Amino acid sequence: MDWDKLVQLLVSGLTLGSVYALVALGFSLVYGILKLLNLAHGDVLMVGAFLGWGILGWLGGAQDPSVAVWLLIVLMILGAMAGCGFLGVAIERFAYRPLRRAPRIAPLISALGVSFFIQNSVLLLFGANFRSYETFDLVDVEVGISWGPLNVWIIRLIVMGSAFLMMAGLWLLVTRSKLGKAMRATSFDREAAAMMGVDVDRVIVKTFFIGSALAGAAGVLVGLVFGQINHFMGFNYGLKGFTAAVVGGIGSIPGAMLGGLLIGLAEALSVGYIEDFTRGRLGSAFSDLIVFLILVIFMLLRPQGIFGKPDLKKV
Amino acid sequence: MSDQTPENLPSPGIGVDEWVASADERRARSLGGRVDDAFTRAPPVLKLLVLALPFAVFPLLVDSDYFMQVGVDTLIYVLLALGLNVAVGWVGLLDLGYVAFFGIGAYLYAAVASEYAGRYWEAQFAIPLIALAVAAVGLVVGIPSRRLSGDYLAIVTLFFLQLYLVVLVNASFTRGPNGISDIYPLKFFGKQVVSLDGYYYVALAAFILVVTALYLVNESRTGRAWRALREDELAAELMTMPVNRLKLMAFAIGAGVAGVTGAIFAPVQGAIFPASFDIVLLITVYAMVVLGGAGSLLGVIVGAVVINVSLEALRSPDDASWLFYGVVALTILLLGRPWWRGPVIILGTIAFGFVAHELAEQVRPSLVEGTSFGQARIDELVDSWVLLPVDIVTPDGLPAGAFGRLAYMGLVAAVLALTLIRKPLWRTIAIVPVLYLAACVWENLLVAQPAVARFILIGGMLVALMAFRPQGLFGKQRVEIV
């Protein structure tokens, strides 16, 4: 048993997982309130990655940043969060709100259109080339924790740390604040909440803002860890985020976190070991197969996910 | 309508839902609705004639290989749209893995008739077998979500598409991204189909068979059950309809149609690559189904033809310009109410453009020094009308193409803001500069990148259609009954 490899895979799985968890959270929040599969969520993440890249370039680039590195990273994340938050609000306002009383399939098709529109707009504006965050110039790869077989690059720590910080903040927001109470009420029964004086439209707008801001932050974190971004990256993260939310229990916040970590770990471990287990017949690209199998197993055995409640239909 | 008070509003008859009555009335007034209603009432043979005749006479009217190729492509898209319509239009399931079934059909054909596979099956056996095999795959993919709502089906099928692409690109038996390039032509009873015309007739025959079969299924008990299921799943279940079996059936039938289409597509192309079956194709086929009107056979076919022909026209910048200005002008003329509003907007935009052009020339000449990308006659006029900066580093130090990009972002914001204006007068006034901005963006940015431009237009069209006319051109408006 190669312990170094295992530890490295676990670390990268947790990093990836915390990004997936952020995506899954936004997806789950929106689903909880609107019962709407926001298929454009992955593309919001992609826009966040590009916003972060734009801020990086604007503040002098990775080689010669004009502010301290920690401040730069904070600014990138906050800028992407704000930009994506407003993007999410715009998507809700123009693509989903006109369809509140439409058949279930209408907002989904609209979401497909939004996703396609955003992707190709970014392609039009920035071209098809990969853009690089040049994180290795920003932060030396040597910096980080080194303890026995455990070597963690500081960027990975930043990614995990900020993801967990945001998740904790969201948890507090939803369980302790007035807005959180309104969100929970709206998600439980939209009409009853409206009758109790909750401004449902405003709650929905705020939910979209928060969810999309999380996706934007996740986009910057992806850019920081993996270095490369392009207009099509949102598809993969959106897909894995949806899977994480379903596995964890759609609409449940701890479920989204746990689902994200689980999917991240599963993906990292299968990337590392699938070649060994299949004696080289399947390459690491087939890690998606494992994630898909997890999704299918959950669909068959526990469709409501780990923390979800069984879907009861009311007439 | 404003003089109608609630008292003298015509009340719907007893037993008729008010919403349904008003929707039906609106539908009876609209052109698409009337055409579709007339089509629905026509006898079945006449329907088939209406649908197939234009395709049958098409080869007699054209004599160039290019147009025949467009014709074959169009028929293939029509077949794809028909298959997708089963799940999306009739049952209301979001099948996001649909193009994977198309691809599986194509690769299966390559597996039974190519030099690479070393086999050469005759098409009369291969195509039905492929249809069955792909339908079986569809059934298996649908099973995990059988207990769940449509949203889960969307995720599972989308993931299935991703997985399918991963396998295509990485597996050795599909030759990865290089694709399979030595596919044999179709062979029926020992006779090879060699010409493009031959493929056109094969596709036409497949189209007639598929349309007839789908029509019969839709008119049958199963078809009625599908529609009931789409309108209210719970009620359908309480009426003892086997909901899950019906869903899986629709799913499998759609997959089977896609498989047949793939089996025709592969020999037409002679070579297939993973990139031919990606999400871009998926969304294009969705746009076809939605534009024509999901659920209406006539609509879906018209949607597929319209979108494929316009995408084809967008390939060349000259035709694209005509198409762009033509479609914009026509839309405004048709949608303008009352009738004089359309012409006023168009004339206003033209006048606004000349004024803006003149002003820009006085203030900053570099803004108008460029020439438009196209070569058609219209572009000479356009040069003296829209703002076209020279496409080099401008004196302000903006990078090349920055004007177009800024204008594009401004246009998106402006169009969104336009939908928020409620007052008709203000809307009429505000639409003029937005149209002019759109023309600037078109000439500066989109016309040079037709591939991206067409996808942006498709994405925007999907959103706009869903917001303003979810039933498409010929479909029936539906509402979620809560």
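If I ask for residues that are more than 7 Å from every other protein chain (Cβ to nearest Cβ) and either within 30 Å of B:Gly92 (Cα to Cα) or in contact with a Pro (Cβ under 7 Å, 6 or more places away or on another chain) (or both), which ones from the range B:148-178 would you list? Please lay out each step first, then the result.
Residues of the range B:148-178 more than 7 Å from every other protein chain (Cβ to nearest Cβ): B:149, B:153, B:157, B:160-161, B:164-165, B:167-169, B:171-178.
Passing the criteria: B:Ser149, B:Leu153, B:Thr157, B:Phe160, B:Leu161, B:Tyr164, B:Leu165, B:Val167, B:Leu168, B:Val169, B:Pro177.
Answer yes if at least one residue in the range B:244-267 is touching a residue at least 12 places away in the same chain (Cβ under 8 Å), touching a strand residue (DSSP E or B) at 6+ places or on another chain (Cβ under 6 Å) and assigned by TED's automatic domain parsing to the domain that holds B:Ser181, and no otherwise. Reasoning before the result, please.
The first filter runs over the range B:244-267 and keeps only residues touching a residue at least 12 places away in the same chain (Cβ under 8 Å), leaving B:244, B:246-267.
Now drop any that are not touching a strand residue (DSSP E or B) at 6+ places or on another chain (Cβ under 6 Å), which leaves B:266-267.
Okay, now just the ones that are also assigned by TED's automatic domain parsing to the domain that holds B:Ser181, so B:266-267.
There is at least one residue in the range B:244-267 that is touching a residue at least 12 places away in the same chain (Cβ under 8 Å), touching a strand residue (DSSP E or B) at 6+ places or on another chain (Cβ under 6 Å) and assigned by TED's automatic domain parsing to the domain that holds B:Ser181.
So how many residues does the range A:31-85 have that are under 27 Å from A:Arg190 (Cα atoms), buried (at least 18 other Cβ atoms within 10 Å of the Cβ) and at pLDDT below 90?
Number satisfying all stated conditions: 8.
Among the candidates B:Val260, B:Val268, B:Val289, B:Val280, single out the residue that is among the aliphatic types (A, V, I, L, M) and under 20 Å from B:Pro450 (Cα atoms). I'd like the intermediate steps shown before the answer.
Numbers: B:Val260 fails: under 20 Å from B:Pro450 (Cα atoms); B:Val268 fails: under 20 Å from B:Pro450 (Cα atoms); B:Val289 fails: under 20 Å from B:Pro450 (Cα atoms).
Every option except B:Val280 fails the conditions.
Among the listed residues B:Val134, B:Val141, which satisfies the condition of being within 14 Å of another protein chain (Cβ to nearest Cβ), under 26 Å from the mean Cα position of the chain (by Cα) and buried (at least 20 other Cβ atoms within 10 Å of the Cβ)? Can you show your working first?
Values: B:Val134 fails: within 14 Å of another protein chain (Cβ to nearest Cβ).
Step by step, each of B:Val134, B:Val141 is checked, and only B:Val141 is within 14 Å of another protein chain (Cβ to nearest Cβ), under 26 Å from the mean Cα position of the chain (by Cα) and buried (at least 20 other Cβ atoms within 10 Å of the Cβ).
Return yes or no: is B:Leu158 surrounded by fewer than 18 Cβ atoms within 10 Å (Cβ to Cβ) and closer than 30 Å to A:Gly251 by Cα? Outline the logic, then answer.
On the way: surrounded by fewer than 18 Cβ atoms within 10 Å (Cβ to Cβ): no; closer than 30 Å to A:Gly251 by Cα: yes.
Answer is no for this residue.
Restricting the search to the range B:262-308, which residues are surrounded by fewer than 24 Cβ atoms within 10 Å (Cβ to Cβ), within 14 Å of chain A (Cβ to nearest Cβ) and at pLDDT below 90?
Answer for the range B:262-308, where residues must be surrounded by fewer than 24 Cβ atoms within 10 Å (Cβ to Cβ), within 14 Å of chain A (Cβ to nearest Cβ) and at pLDDT below 90: B:Pro274, B:Ala275, B:Asp278, B:Ile279, B:Val280.
For residues that are crowded, with 19+ Cβ neighbours inside 10 Å, more than 7 Å from chain B (Cβ to nearest Cβ) and either of a type in the set (Lys, Arg) or within 15 Å of A:Gly54 (Cβ to Cβ) (or both), tally how many sit in the range A:103-136.
Residues that pass the stated criteria total 3.
For A:Val225, which of the numbered conditions (1) touching a strand residue (DSSP E or B) at 6+ places or on another chain (Cβ under 9 Å); (2) β-branched (Val, Ile, Thr); (3) crowded, with 24+ Cβ neighbours inside 10 Å fails to hold?
For A:Val225, the exception is condition (3).
Restricting to the range B:231-246, give me the number of residues that are within 19 Å of B:Leu139 (Cα to Cα) and touching a helix residue (DSSP H, G or I) at 6+ places or on another chain (Cβ under 6 Å). Walk me through how you get there before you give the answer.
Residues of the range B:231-246 that are within 19 Å of B:Leu139 (Cα to Cα), as a first pass: B:241-246.
Of the ones still in play, those that are also touching a helix residue (DSSP H, G or I) at 6+ places or on another chain (Cβ under 6 Å) are B:241, B:243, B:246.
Number satisfying all stated conditions: 3.
All but one of (1) surrounded by fewer than 17 Cβ atoms within 10 Å (Cβ to Cβ); (2) within 10 Å of chain B (Cβ to nearest Cβ); (3) more than 24 Å from B:Ile143 (Cα to Cα) hold for A:Phe277; which doesn't?
Result: A:Phe277 fails condition (2) only.
In a helix (DSSP H, G or I) and more than 10 Å from chain A (Cβ to nearest Cβ): which single residue out of B:Leu445, B:Leu425, B:Leu473, B:Leu462 fits that description? I'd like the intermediate steps shown before the answer.
Working: B:Leu445 fails: more than 10 Å from chain A (Cβ to nearest Cβ); B:Leu473 fails: in a helix (DSSP H, G or I); B:Leu462 fails: more than 10 Å from chain A (Cβ to nearest Cβ).
The conditions single out B:Leu425.
Tell me whether the range A:195-203 contains one or more residues that are of a type in the set (Gly, Ala, Ser) and free of Cβ contacts under 8 Å to residues at least 24 places away in the same chain.
Step one: filter the range A:195-203 for residues of a type in the set (Gly, Ala, Ser), giving A:197.
Those left that are additionally free of Cβ contacts under 8 Å to residues at least 24 places away in the same chain: A:197.
Taking every residue of the range A:195-203 in turn, at least one turns out to be of a type in the set (Gly, Ala, Ser) and free of Cβ contacts under 8 Å to residues at least 24 places away in the same chain.
So, of the residues in the range B:414-470 that are of a type in the set (Phe, Trp, Tyr) and under 26 Å from the mean Cα position of the chain (by Cα), which turns out to be nearest to B:Ile350 (Cα to Cα)?
B:Trp442
Taking the conditions exactly as written (within 14 Å of chain A (Cβ to nearest Cβ) and not in a helix (DSSP H, G or I)), does B:Ala250 satisfy them or not? Steps first, please.
On the way: within 14 Å of chain A (Cβ to nearest Cβ): yes; not in a helix (DSSP H, G or I): no.
When the stated conditions are applied, B:Ala250 does not pass them.
Which pairs turn up if I take residues in the range B:81-102 that are facing another protein chain (nearest Cβ under 10 Å) and surrounded by fewer than 24 Cβ atoms within 10 Å (Cβ to Cβ) and look for partners that are among the charged types (D, E, K, R) and assigned to a helix (DSSP H, G or I) with beta carbon separation below 6 Å, at least 6 apart in sequence or on another chain?
Going by the 6 Å Cβ cut-off, the qualifying pairs are B:Gly92/B:Arg230.
The values are calculated or read from the model by the stated rules, or taken from the named source; none is laboratory data. All values derive from a computational prediction rather than experimental measurement. Cβ: placed from backbone, ideal geometry, glycine included. Neighbour counts: every protein chain shown.
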